[in-house]
Amino acid sequence: MTHKFAFVGIAGKPNVGKSTLINALIGEKIAITSDKAQTTRHRILGVKSTPDFQLVFVDTPGIHESKHVLNQVIVKHANQALLDVDVMLWVVDRKKQPYDDKLYQTFKTLNIPMILVINKIDQLNSKAEIDALIMSYLSLGEFEAVIPISALKETYLQHLEASILDYAYEEGPMFPDNYTSDQQEHQIISEWIREKILSLTQQEVPHSAAVIVESIEENKKQKTLDIRALIIVERESQKKILIGKQGEKLKQIGMLARHDLNKKFDRKVHLELWIKVKKDWRNKMQDVMRFGYGVSSD
């Protein structure tokens, strides 16, 4: 049986479930998830390998109208990530929005086969409602396929995978069988801490925060992984919110992050968090680049 291979782009607006989808397709957590928009800030590469095929998924940050310099960099990053894929999944959810018309026109200029993935069908009430949503998107133009799914419930993912394989080509695997993501250790740690900030804070705090891993050290005596990380926010008021009354909020963030990191690295993690204010960092290109959100020109 011939082995198949493809690069698969995952794109769409913020908060449509792209990260949940890539985690479900890969079969493990490689992207953080949140009910808040603009969760993903980096391009994330995930790999699914079977004896018959290898699919390399490129999960892009949510494409949205840019306000801060950080957002402009994120959108540029997303667009660049789609240039070299073999097929693209445009992920949408429960209601067609006016911005979708602009996105469709943008994606069509890439000249990449496009599969429309309608996510969160578990939140729709009937097949008629799903059909009406499909028709609203078909009014935009043509797609190679339209696949309704629930990434959260892992419903109809096998249909989506079959559609993707129609655009794979005969080629051996590019990555080892046990390789699932290109994220480096410090990126995983940084993003998983930021995930807890997203889940435990509200209003302006989540999107004003960046996490920088200052050090990762093996403590052979204690048999722990010692991590020191810096949380950057834009205002003193945000710092106070993150610390919380008597430091309880920061302790909770650290506790939840450690729980996940203990499982990820299969050892006890000692995590030290501290917070620094860097005023208006999202609008300063130097800070955006310094905090790890630069986009390669390649």
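If V211 passes every condition in (1) of a type outside the set (D, E); (2) in contact with a helix residue (DSSP H, G or I) (Cβ under 6 Å, 6 or more places away or on another chain); (3) in a helix (DSSP H, G or I) but one, which one does it miss?
It fails just one condition, (3).
Determine whether F57 is of a type outside the set (V, I, T), at pLDDT 85 or above and touching a Pro at 6+ places or on another chain (Cβ under 9 Å). Full working, then the answer.
Values: of a type outside the set (V, I, T): yes; at pLDDT 85 or above: yes; touching a Pro at 6+ places or on another chain (Cβ under 9 Å): no.
For F57, the condition - of a type outside the set (V, I, T), at pLDDT 85 or above and touching a Pro at 6+ places or on another chain (Cβ under 9 Å) - is not met.
Consider only pairs whose beta carbons are under 9 Å apart and that are at least six residues apart or on different chains; among these, list those whose first residue lies in the range 13-26 and is part of a helix (DSSP H, G or I) and whose second residue is surrounded by fewer than 23 Cβ atoms within 10 Å (Cβ to Cβ) and acidic (D, E).
Short answer, once both residue conditions are applied: A24/E154; L25/E161.
Looking for something more than 24 Å from K264 (Cβ to Cβ) and at pLDDT below 70 - is there at least one such residue anywhere in the range 23-35?
no
Could you please give the count of residues in the range 149-170 that are touching a His at 6+ places or on another chain (Cβ under 9 Å) and over 23 Å from F5 (Cβ atoms)? Give the steps one after another, and end with the answer.
Within the range 149-170, the first condition is being touching a His at 6+ places or on another chain (Cβ under 9 Å), and the residues that meet it are 149, 170.
Within this subset, residues satisfying the condition of being over 23 Å from F5 (Cβ atoms) are none.
Selection size over the range 149-170: 0.
Under the condition of being surrounded by 18 or more Cβ atoms within 10 Å (Cβ to Cβ) and among the small types (G, A, S), which residue from the range 169-194 is nearest to L250 (Cα to Cα)?
So, considering only residues that are surrounded by 18 or more Cβ atoms within 10 Å (Cβ to Cβ) and among the small types (G, A, S), the one nearest to L250 (Cα to Cα) is S190.
Does Q183 meet the test of being without any contact (Cβ under 8 Å) to a residue 24 or more places away in the chain and part of a loop (DSSP other than H, G, I, E, B)?
no
K220 passes all but one of (1) in contact with a His (Cβ under 9 Å, 6 or more places away or on another chain); (2) loosely packed, with under 14 Cβ neighbours inside 10 Å; which number fails?
For K220, the exception is condition (1).
In the set I134, I130, I197, I189, which member is touching a residue at least 60 places away in the same chain (Cβ under 8 Å), out of contact with any Gly (no Cβ under 7 Å at 6 or more places or on another chain) and assigned to a helix (DSSP H, G or I)? Don't jump to the end; show me each part of the working.
Values: I134 fails: touching a residue at least 60 places away in the same chain (Cβ under 8 Å); I130 fails: touching a residue at least 60 places away in the same chain (Cβ under 8 Å); I197 fails: touching a residue at least 60 places away in the same chain (Cβ under 8 Å).
Testing whether each residue is touching a residue at least 60 places away in the same chain (Cβ under 8 Å), out of contact with any Gly (no Cβ under 7 Å at 6 or more places or on another chain) and assigned to a helix (DSSP H, G or I) leaves just I189.
Sort out which residues of the range 147-162 are surrounded by fewer than 18 Cβ atoms within 10 Å (Cβ to Cβ), under 16 Å from N119 (Cα atoms) and either over 19 Å from the mean Cα position of the chain (by Cα) or not aliphatic (A, V, I, L, M) (or both), and write them in order of number.
K153, E154, T155, Y156, Q158, H159, E161
For the range 189-207, which positions are in contact with a Lys or Arg (Cβ under 7 Å, 6 or more places away or on another chain) and either modelled with pLDDT under 80 or in the same structural domain as I26 (by TED's automatic domain parsing) (or both)?
P206
How many residues does the range 248-276 contain that are exposed (fewer than 14 other Cβ atoms within 10 Å of the Cβ), of a type in the set (A, V, I, L, M, F, W, C) and not in a helix (DSSP H, G or I)?
Matching residues across the range 248-276 total 1.
The values are calculated or read from the model by the stated rules, or taken from the named source; none is laboratory data. Please read all numbers here as calculations on a predicted model, not as lab measurements. For neighbour counting, all protein chains shown are included, and Cβ atoms are generated from backbone atoms with ideal geometry for every residue, glycine included.
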